[in-house]
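The values are calculated or read from the model by the stated rules, or taken from the named source; none is laboratory data. None of these values were measured; they are calculated from a predicted model. Reconstructed Cβ throughout: ideal geometry from the backbone, glycine too, with neighbour counts over all protein chains shown. When the accessible area is computed, the model is the full protein with side chains, heavy atoms only, and any ligands, DNA or RNA have been set aside. Shrake-Rupley method; radii C 1.70, N 1.55, O 1.52, S 1.80 Å.
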Amino acid sequence: MTYAVVGTGAIGGYYGGRLAHAGKEVHFLLHSDYDYVCEHGLQVNSCDGDFHLDHVNAYNDVNVMPKVDVVIVALKTTRNHLLPTLLPPLLHECSLVLLIQNGIGVEQDVQAMFPDVALAAGLAFICSAKAGPGLVSHQCYGSINIGNFSCQDSAMVEALADDFREAGIQTGLVEYHEARWKKAVWNMPFNGMTVALHTQTDQLLAHPATERLIHEQMMEVIGAAHAMGVTGIDSSFADQMIVTTKAMVPYSPSMRLDYDFHRPMELEYLYHRPIRMAAEAGFHMPKLSMLADELEFLSAHI
């Protein structure tokens, strides 16, 4: 299958780079890095082995890119208002759009923009950052789960997963709703808490009080998931996420980096939407609601 990457940063650069390095046809949309990547290529420094793409199918205008089988959207959700302009030139009638984005409710809103387009969610478990022009630093983990949201051709989703696996990426096919809420179990506590307390993941878990608070926030997410009809998550998953995070390198999640670099934070899908959906289902998330209010204050002062 052929691919386009919209958002060639920490996530799109890594997964798209892996696919291209494995010999897949991948076309990258770039902005500020376009001239640099055209001249120097794309470098991925990875805990699983560094690699360099000497020749990159690089573009700075979506209108000159070819139509492809799979569009990987790795933009921050704060830029999804650009999708009505960015996606149509890349799509043919059978294209699949894979949204590797954070939060709850993303696919529903993108589907409203494109009622006839097949969508899937990409749930990335990775520590990765853009470290410079044309440079991705992959520090830890790297697996991805794919949840089918609206693609009627299950064989295409399976072929997508096979391509990722051939590129050396641990890939699972999972139930969409459970996968989104499982990702939120990690995202909602750690993204916001690293911003609010100006720290990294390791320090949050090094102190008993903040480790306890993180676990309580995780349990709020699990309670919200249950209220939304998701049954495949329990307290053992929160315990597992704590253990997994302790084994990670010290890490600044994407929201912390956005705050540090004075960029808009992904508050709507990471906090406001799931908190609102849970409340409408009769479940309230007081600790995460307080965190969301603190983040709104900090956002107003970036």
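Structural remarks
- Flag for Gln43 being assigned to a strand (DSSP E or B) and modelled with pLDDT of 95 or more: yes
- Some residue of segment 103-111 being of a type in the set (Gly, Ala, Ser) and surrounded by 16 or more Cβ atoms within 10 Å (Cβ to Cβ): yes
- Which listed residue, of Gln203, Gln152, Gln240, is open to solvent by 70 Å² or more (accessible area, probe 1.4 Å) and not in a helix (DSSP H, G or I): Gln152
- Qualifying positions in segment 1-40 - closer than 17 Å to Pro89 by Cβ and modelled with pLDDT under 95: His31
- When Thr77 is tested against (1) touching a strand residue (DSSP E or B) at 6+ places or on another chain (Cβ under 8 Å); (2) in contact (Cβ under 8 Å) with a residue 40 or more places away in the chain; (3) within 22 Å of Val136 (Cβ to Cβ); (4) surrounded by 15 or more Cβ atoms within 10 Å (Cβ to Cβ), just one condition goes unmet, and that condition is (1).
- Count of segment 245-272 residues which are open to solvent by 40 Å² or more (accessible area, probe 1.4 Å) and out of contact with any strand residue (DSSP E or B) (no Cβ under 8 Å at 6 or more places or on another chain): 11
- Residues of segment 206-216 satisfying the condition of being over 13 Å from Thr245 (Cβ atoms) and either in a helix (DSSP H, G or I) or within 24 Å of the chain's Cα centre (by Cα) (or both): Pro208, Ala209, Arg212, Leu213, Glu216
- Exclusive hit being among the aliphatic types (A, V, I, L, M), touching a strand residue (DSSP E or B) at 6+ places or on another chain (Cβ under 8 Å), closer than 19 Å to Lys130 by Cα and buried (at least 18 other Cβ atoms within 10 Å of the Cβ), set Leu42, Leu90, Leu83: Leu42
- Filter result for the condition that a residue is hydrophobic (A, V, I, L, M, F, W, C) and over 28 Å from Asp109 (Cα atoms), over Val6, Val44, Val73: Val44
- Test: residue in segment 178-189 that is surrounded by fewer than 20 Cβ atoms within 10 Å (Cβ to Cβ) and touching a helix residue (DSSP H, G or I) at 6+ places or on another chain (Cβ under 9 Å): yes
Yes/no per residue for (1) closer than 21 Å to Glu158 by Cα; (2) among the small types (Gly, Ala, Ser); (3) in a loop (DSSP other than H, G, I, E, B):
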{"site": "Gly16", "(1), (2), (3)": "yes, yes, no"}
{"site": "Val26", "(1), (2), (3)": "yes, no, no"}
{"site": "His31", "(1), (2), (3)": "no, no, yes"}
{"site": "Val37", "(1), (2), (3)": "no, no, no"}
{"site": "Ala58", "(1), (2), (3)": "no, yes, no"}
{"site": "Asn63", "(1), (2), (3)": "no, no, no"}
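- Segment 115-136: number of residues that are over 25 Å from Cys47 (Cα atoms) and surrounded by fewer than 17 Cβ atoms within 10 Å (Cβ to Cβ): 2
One line per residue, one yes/no per condition, for (1) within 18 Å of Trp181 (Cα to Cα); (2) modelled with pLDDT under 95; (3) of a type in the set (Gly, Ala, Ser):
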{"position": "Thr77", "(1), (2), (3)": "yes, no, no"}
{"position": "Leu83", "(1), (2), (3)": "no, no, no"}
{"position": "Val97", "(1), (2), (3)": "no, no, no"}
{"position": "Ala124", "(1), (2), (3)": "yes, no, yes"}
